[in-house]
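Worksheet: one structure, shown below.
The values are calculated or read from the model by the stated rules, or taken from the named source; none is laboratory data. This structure is a prediction, so every number in the text was calculated from the model and none was measured. A quick note on method: Cβ atoms are made from the backbone with ideal geometry, for glycine too, and the neighbour counts reach across all protein chains shown. For accessibility, only protein heavy atoms count, side chains too; no ligands or nucleic acids. Shrake-Rupley method; radii C 1.70, N 1.55, O 1.52, S 1.80 Å.
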Amino acid sequence: MKPLQDYEIQYLKGVGPKRAELYHKIGVHTLYDLLYYFPRSYIDVTSPAPIASVPLDTPCAVVATVIAKSGEQRIRKGMSLYKVKVTDYTTELVITFFNQKYLAEKLEIGRQYLFYGKVTGNFLKREMSSPLCEDISSTEHMLPVYPLTEGLTGNILKNHMRSVLSELDDTFTDPLPDSLRKEYGLCHLRFALETIHFPKSEYDLSLARRRLIFDELLSLQLGLAQLKQRARKQTKAIMSNTNLARFYQSLPFSPTGAQRRAIEDAARDMEHDIPMNRLVQGDVGSGKTLVAAAACMIACQNGWQSAFMAPTEILAEQHFRSLSSLLKDSGMRIGLLTGSMTAAQKREVTRQISEGELDLVIGTHALIQEKVQFSALGLVVTDEQHRFGVQQRSMLAGKGEHPHMLVMSATPIPRTLALIIYGDLDVSVIDELPPGRQVIHTYAIDSSKRMRAFGFVKKHIDEGRQAYIVCPLVEQGESDLKSATQYERLLREKYFSEYHVGLLHGKMKASEKDRVMRAFQHGEIDVLVSTTVIEVGVDVPNAVIMLIENAERFGLSQLHQLRGRVGRGSFQSYCILVSDAKNQEALGRLGIMCKTTDGFAIAEFDLKQRGPGDFFGHKQHGLPELKIADMMNDTELIHLTKTVSERLLAQDPELSFPEHHGLYEMTQRLFSRTGDAGLN
């Protein structure tokens, strides 16, 4: 038989072209994909409960016989329901299927099935809606539950899975060397694959899961380490003078311990001929810019230029002002290059860059234009990692010969996860706020207190301060523009008619956004009504209140980023979260926002609640999609596989030894999921 990954699913007995299309919908194209399409959960069928005694509103399994079925009932356009009556010969249960004709029809009167779902009702009448249905003729103890699509049932999938597993005979080779398996007490891959789909016990299942998670994380660590090595060419920008005594003496404040550690990390990196590739990750207001300033100073002391790229003009101008202030006693020549400058201004700055008359140039995407040529680019700094792709960073780095790279991000990510997510970067974490930084008081209220909150906002505006009001997240089908403009009009005409109200939303042109933000910066706008475009933004020290409508619909990390727009000055600042949410999960999330302003603690909580998939959004960061490993709960295996990966690559950097051929294939296969050609 040819390799499983080369065997298309449609050629498996019982599949064919039409059913193959259903498999394609769930991402299964080959037999290999099917084997690695893991159950999302399992049902223990060894002890089904009597219908009369099952706890209400709790998922549970019951075994019952079908005694009656009703026909289709149309309840509204596009919605049909089907009722099936079942009994365990003591108590009856009415099962309702919504828009699931195929499920209702497959149940035969007089036949016994296992039903898994939540039972509702009372002691007189019990019901279950849209349960999982299984034929109990098999002798399985734990039934796998797979994510499915209409037309593809659990039984169909299980039968096909058994067919593929039966092909795994004694010739099936394990990609892990025997010595490695024995050293870490890992089961054989064949056993792991058979058991993950059809476990005989919880213990067997735990062995299988550990092995498959180990494989996935080891492949990830090996691939990221290889990418990191290949990306690192030698640089001529070796910084022999990294003495920062003069820099520290010139500062009007004392840096935090975390800032000093990050600066020392960067200085150490820049002393080598392998270019620095470092992420400085710190909460909003933690002082990441100081680290960038120190790195730029080191480059200048050694005769090299630095380029600092920001995602918007207004942020570039802000960095220009703050870096000019931080480095005013250094003697460095600092310039600014943005798209809105006049042609003559751009020509002059471009000339200064190419002739080496500027030591540091701060700008937007204008820096990566072809006509911008550096005399001796030794350091590239980019702000807000997630706003620039790897390609844009590479284009700027291409202006020099493998310059050092410093990337800054204000998106807090738990450290263990950051080591994986930013696999091509070394990570420095700034986890202390500078002294004097205002703690933002955060309150959660319901809409009945909105008028009082508006009064609180007005009181601070009357004292000369400013406020943000973040408009509700958009309902599906409603345009962002409509939602924001309607809300701004309501506030301007009804609730804040005596104040200057401005509007900022994602559909505006960049120049218009800049105009509004500048007006807010200069105090010409009292209340800025905005969508989440202010999540990453400009310092307005006079803005002291943020009110966020429908706060429950935002992710925690996003709420934290939004809140970071206030508290930038010397005034006490506030964040008011307006929400009528009643469910415990939403209330818990709003509660954590009121309890802490520590972005890393919030990120940990967010990750535990939502999982890494939702936390990072769909296919962000270009990482391969993980099928079984859990970044939050598998930290022990993350650390273990990192150690194993480092040891293997120290012996065999290209995984070219015969005993490592399986590992090489496994790693290539994982990275081919990123949608590119993998590691080659």
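With each label point set 7 Å from Cα along the Cα-Cβ vector, what nm distance links GLU512 and LYS182?
Distance between label points: 7.1 nm.
Which whole-number percentage describes the relative contact order of the chain, with Cα contacts under 8 Å and a sequence gap of 6 or more? List each step's numbers first, then the result.
On the way: 1166 pairs, mean separation 79.4, N = 680.
Relative contact order, the chain: 12 percent.
Heavy-atom accessible area per residue, the chain, 1.4 Å probe: how many Å²? Don't jump to the answer; show the numbers that get you there.
Working: 31250 Å² over 680 residues.
Value for the chain: 46 Å² per residue.
As a test question: what accessible area, to the nearest 10 Å², does PHE38 have when a 1.4 Å probe is rolled over all protein chains in place?
That residue has around 30 Å² of solvent-accessible surface.
Within the set of other residues whose C-beta is less than 14 Å from the C-beta of GLU357, count the net charge using Lys and Arg as +1 and Asp and Glu as -1.
Values: positive: ARG333, ARG347, ARG351; negative: GLU348, GLU355, ASP359.
Net charge in that neighbourhood comes out at 0.
Could you tell me the distance between the Cα centroids of the stretch 73-150 and the stretch 648-671, to the nearest Å?
48
Taking all protein chains in place and a 1.4 Å probe, what share, in percent, of the accessible surface of the stretch 488-565 do carbon and sulfur account for?
Values: 1390 of 2960 Å².
Solvent-exposed carbon and sulfur of the stretch 488-565 make up 47 percent of the total.
LYS106: which aspartates and glutamates have alpha carbons under 18 Å from its alpha carbon, excluding same-chain residues fewer than 8 sequence positions away?
Here the aspartates and glutamates satisfying the reach criterion relative to LYS106 are GLU72, GLU134, ASP135, GLU150.
Where in the chain are the helices, taken as whole DSSP H runs, whose Cα atoms extend 15 angstrom or more along the long axis and whose Kyte-Doolittle mean reaches at least 1.0? Mind showing how you got there, number by number?
Numbers: long enough: 154-166 (18 Å, -0.18); 202-231 (43 Å, -0.09); 257-270 (20 Å, -1.02); 288-301 (20 Å, 1.45); 313-326 (20 Å, -0.01); 343-354 (16 Å, -1.05); 450-462 (18 Å, -0.45); 480-490 (16 Å, -1.12); 510-521 (16 Å, -0.97); 584-595 (16 Å, 0.17); 599-616 (19 Å, -0.12); 635-651 (25 Å, 0.04); 661-671 (16 Å, -0.44).
Helices meeting the criterion: 288-301.
With label points built 7 Å along Cα→Cβ from the Cα atoms of LYS125 and ARG450, find their separation and express it in nm.
For LYS125 paired with ARG450, the spin-label model returns 3.8 nm.
With N set to the number of residues, divide the alpha-carbon radius of gyration of the chain by 2.2 N^0.38 Å and report two decimals.
Details: Rg = 29.8 Å, N = 680, 2.2 N^0.38 = 26.2 Å.
Scaled against compact globular proteins, the figure is 1.14.
Could you tell me which of the pairs LYS459/LYS507; LYS288/LYS595; LYS18/LYS69; LYS25/LYS627; LYS328/LYS399; LYS459/LYS494 are separated by over 21 angstrom between their Cα atoms in the structure shown? If you can, show how the numbers build up before the last one.
On the way: LYS459/LYS507 31 Å; LYS288/LYS595 24 Å; LYS18/LYS69 29 Å; LYS25/LYS627 16 Å; LYS328/LYS399 26 Å; LYS459/LYS494 17 Å.
In this structure, LYS459/LYS507; LYS288/LYS595; LYS18/LYS69; LYS328/LYS399 lie more than 21 Å apart at Cα.
Quickly estimate the mean residue ellipticity at 222 nm for the chain, helices only: each DSSP H run with n ≥ 4 gives -39500 (n - 2.57), and the total goes over all residues, rounded to 500. Don't jump to the answer; show the numbers that get you there.
On the way: 22 runs with 256 residues, N = 680.
Result for the chain: -11500 deg cm²/dmol, rounded to the nearest 500.
Please give the net charge around GLU348, taking every other residue with its beta carbon less than 14 angstrom from that of GLU348, where Lys and Arg add +1 and Asp and Glu add -1. Intermediate values should be presented prior to the final figure.
Details: positive: ARG333, LYS346, ARG347, ARG351, LYS371; negative: GLU355, GLU357.
For residues surrounding GLU348, the net value is +3.
Summarise the long-distance tail of P(r) for the stretch 278-319 by giving the % of C-alpha pairs beyond 11 Å. Let's see the in-between values first.
On the way: 609 of 861 pairs.
The answer is 71 percent, as a whole percent.
As a test of reading the structure, rank VAL94, VAL516 by solvent-accessible area (1.4 Å probe, protein chains only), most first. Display every interim value, and only then the final one.
Numbers: VAL94 30, VAL516 5 Å².
Largest accessible area first, the list is VAL94, VAL516.
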